[in-house]
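For reference, the structure is listed below as structure tokens.
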Amino acid sequence: MAQIAVIGAGYVGLTTAVCFSHLGHDVVCADIDEAKVAQLTRGEVPIVEAGLEAMVREGLEGGRLSFVLGAASAARAAEFAYLCVPTPQGDDGSADLTYIEAAAREIGPVLPSEAVVVNKSTVPVGSTRVVERVLGRDDVVVVSNPEFLREGSAVHDFLNPGRIVIGSDDQSAAVRVASLYIGVTAPIIVTDPASAETIKYASNAFLAAKISFVNAIAAVCDAVGADVKDVVLGMGYDSRIGHEFLKPGPGFGGSCLPKDTRALVHIADDAGYSFDLMRGVITVNEDQFQRVAAKIREMAGGSLEGVKVAVWGLTFKARTDDTRESPALRIVSLLTEQGAEVQAYDPAVKGPVGGVVPANDPYSVCEGAGVLAVLTEWDDFRWLDFDKVAGLMETPRVIDARNLLDKPALERRGFSYVGIGR
Ligand code: NAD
Ligand code: UGA
């Protein structure tokens with residue numbers, strides 16, 4: 001079993017650390033956030049992620065997992081150092097490598113000889129070389145091993161991946177990284193670093209393209225009177241198309257698809273290719289926030305001035321507490337800009353976010369509301385008491401931006417219902 005340092009204890013780093021320790025490795029996970037390190041050392045997990053807390057406790061109790069402050073403390077005895085730090089969007093749309101470079105600078109002087117540094121953060125083509133240069137070590141190899149997990153099912157996805165991608169010009173380092181995934185059954189693709197880095201961006205970009213495509217089809221369905229649910233069902237049975245990632249909604253959000261699509265446009269531009277298809281995907285997505293806000297305005301009678309809008313859902317999707325680049329927050333700000341009074345509820349968001357102070361229950365936000373907007377697909381919303389909701393609202397009208405609710409059942413209760421593309 002290997003000695004692994006994981007740098008960064010966020011969604012990817014924490015998941016990587018607990019899963020490698022679950023597979024039997026000795027893992028030291030480092031973060032720069034002192035409070036987070038202390039919390040994790042007590043076995044408390046600061047994010048909502050199914051199964052993660054149990055795995056942290058398993059690792060701590062088994063003595064195979066520990067948390068430390070600062071990357072250097074974790075890297076001193078490491079055979080492998082996984083970089084799982086943020087790669088946010090820079091001012092020009094490109095990926096900002098500041099955190100990656102800082103982490104590499106910290107571990108460079110202390111890594112043991114023959115260690116392998118692994119880029120798990122999503123990094124643009126050429127970043128393997130950047131890390132090599134910053135480390136300044138001839139006796140250390142840098143390998144790309146991008147991550148494909150989804151928030152909300154991070155642990156499951158890490159342990160049951162569709163594929164493991166390893167990018168390295170050093171075959172023996174690639175085999176060493178592959179051997180860490182002992183017990184995980186998945187095809188392993190070993191390629192050069194540039195191809196591995198491109199696989200990650202191309203995959204996220206393709207998923208984003210599917211979502212923008214289906215949101216565009218939903219707009220067509222709205223215009224011609226078709227039902228997008230049936231359209232997608234009929235398309236999906238063609239195995240070349242498939243059913244996955246074709247749910248229309250308020251647009252894609254989260255910490256990755258928005259930044260990675262923009263970064264790919266930038267990578268392509270730098271390489272001399274104008275990726276207009278991807279620009280279109282991003283534009284359709286930006287338009288989708290506006291389209292949903294316009295649906296809410298139309299349902300309110302053409303103006304949002306002084307209208308109370310109840311919002312259910314603030315996270316960028318269900319089963320996470322992550323609100324980074326959440327479409328719900330984008331739509332809320334479009335509504336408030338137009339004079340609406342927004343009252344919001346989300347099962348996973350308790351503190352203020354994006355200028356919204358969420359309420360503690362889904363019913364109180366409906367009091368006196370002229371429209372209810374469902375912006376995140378939390379399953380809980382389907383089972384609420386809609387007679388009670390109708391009674392609380394000024395007028396029972398709902399915009400279901402996730403096509404989550406039972407339209408005929410709501411209409412029977414006197415609601416006006418508008419979904420996306422149906
Ligand atoms: P995150 O913001 O949740 O976590 C990053 C962590 O790194 C933070 O806790 C931060 O304090 C810590 N950190 C920053 N600098 C550090 C340093 N020098 N030493 C130690 N810790 C440091 O980020 P994330 O969502 O886990 O994403 C990390 C990377 O993985 C990004 O490149 C992202 O694109 C990629 N990725 C994310 C997901 C996802 O679902 N979130 C999936 C696949 C890939
Ligand atoms: C996404 C990818 O799915 C992961 O494979 C990848 O590892 C990750 O980005 C990353 O690189 O960080 P994630 O951001 O957790 O994962 O969320 P997704 O499930 O992909 O959803 C992204 C957004 O698209 C959400 O706002 C979601 O509501 C929306 N979406 C998704 C739709 O509107 N329709 C769909 O059919 C699917």
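The values are calculated or read from the model by the stated rules, or taken from the named source; none is laboratory data. Quantities reported herein were computed from a predicted structural model and do not represent experimental measurements. Every residue, glycine among them, receives a Cβ derived from its backbone with ideal geometry; neighbour counts consider all protein chains shown. For accessibility, only protein heavy atoms count, side chains too; no ligands or nucleic acids. Shrake-Rupley method; radii C 1.70, N 1.55, O 1.52, S 1.80 Å.
Accessible surface for Glu151 stands near 20 Å², nearest 10, in the context of the full protein assembly shown (1.4 Å probe). Over the stretch 289-408, all Cα pairs binned in 10 Å intervals from 0 give whole-percent P(r) values of 15, 52, 32, 1, listed from short to long.
Any idea what the relative contact order of the stretch 326-379 is, in percent, if you count C-alpha pairs under 8 Å spaced at least 6 apart?
Working: 41 pairs, mean separation 16.0, N = 54.
Result for the stretch 326-379 is 30 percent.
I need the calculated FRET efficiency for the pair Glu114 and Asp91, taking r as the beta carbon distance and R₀ as 51 Å, to the nearest 0.05. Let's see the in-between values first.
On the way: r = 38 Å, r/R0 = 0.75.
That pair, Glu114 with Asp91, gives E of 0.85.
The translational diffusion coefficient of the chain, from Stokes-Einstein at 10 °C and 1.306 mPa s with a Kirkwood hydrodynamic radius over alpha carbon pairs, comes to 69 µm²/s. When the residues Ser333, Ser239, Ser255, Ser113 are ordered by accessible surface, computed with a 1.4 Å probe over the protein chains alone, the sequence from largest down reads Ser239, Ser113, Ser333, Ser255.
A Förster radius of 41 Å, combined with the Cβ-Cβ distance separating Leu277 from Arg76, puts the computed FRET efficiency at roughly 0.35. Only Cα sites of the stretch 122-203 enter the Debye sum here, all with the same form factor; the resulting log10 I(q)/I(0) across q = 0.14 1/Å is -0.48, listed in q order. Between the alpha-carbon centers of the stretch 300-352 and the stretch 208-279, tell me the distance in whole angstrom. The distance from the Cα centre of the stretch 300-352 to that of the stretch 208-279 comes to 23 Å. A simple spin-label model places pseudo-atoms 7 Å from Cα toward Cβ; at Met235 and Arg129 they are separated by 3.9 nm.
Over 21 Å, how big is the tail of the calculated P(r) for the stretch 137-264, in percent of all Cα pairs? The proportion of pairs with Cα distances above 21 Å equals 54 percent. Remark on the stretch 182-225: ratio of C-alpha radius of gyration to 2.2 N^0.38 Å is 1.85.
Annotation: per residue accessible area for the chain equals 42 Å², rounded to a whole number [probe 1.4 Å, protein chains only]. Heavy-atom accessible surface of Lys317, to the nearest 10 Å², is about 50 Å², with a 1.4 Å probe and all protein chains retained. Distant-in-sequence amide contacts of Gly167, defined by a placed amide H-H separation under 5 Å and a gap of 5 or more residues or a different chain, comprise Ser144, Asn145, Thr191.
Note on surface exposure: Arg297, Arg150 rank Arg150, Arg297 by accessible area, highest first, 1.4 Å probe. The equivalent ellipsoid of the stretch 11-140 has semi-axes of 25, 18, 12 Å, largest first, where each one is the square root of 5 times an eigenvalue of the Cα gyration tensor. Each other residue within a Cβ distance under 12 Å of Cys221 adds +1 if Lys or Arg and -1 if Asp or Glu, for a net charge of -1. Based on the reciprocal of the average 1/r between different C-alpha atoms, the Kirkwood radius for the stretch 212-302 equals 14.8 Å.
Computed with a 1.4 Å probe over protein heavy atoms only, the accessible area of Leu65 comes to about 10 Å². With the simple model of a label 7 Å out from the Cα in the direction of the Cβ, Ile182 to Ala50 spans 2.9 nm.
Expressed to the nearest 5 percent, the antiparallel share of DSSP beta bridges inside the chain is 5 percent. For Arg397, nonlocal amide neighbours, meaning residues 5 or more places apart or on other chains whose placed amide H falls under 5 Å from its own, are Leu372, Ser416.
Heavy atoms only, 1.4 Å probe, whole protein assembly: order His266, His25, His243, His156 by accessible area, highest first. The partial results should precede the final answer.
Numbers: His266 40, His25 5, His243 85, His156 110 Å².
Per-residue accessible area, sorted high to low, gives His156, His243, His266, His25.
Which percent of the accessible heavy-atom area of the chain goes to carbon and sulfur, probe 1.4 angstrom?
Working: 9420 of 17680 Å².
Heavy-atom surface of the chain belonging to carbon and sulfur, 1.4 Å probe: 53 percent.
Model label points for Trp383 and Gln39, set 7 angstrom from Cα along the Cα-to-Cβ axis, are 2.8 nm apart.
Taking 0.36 nm per residue of sequence separation and removing the Cα-Cα distance, the Ala294/Glu367 pair yields an extension gain of 24.1 nm.
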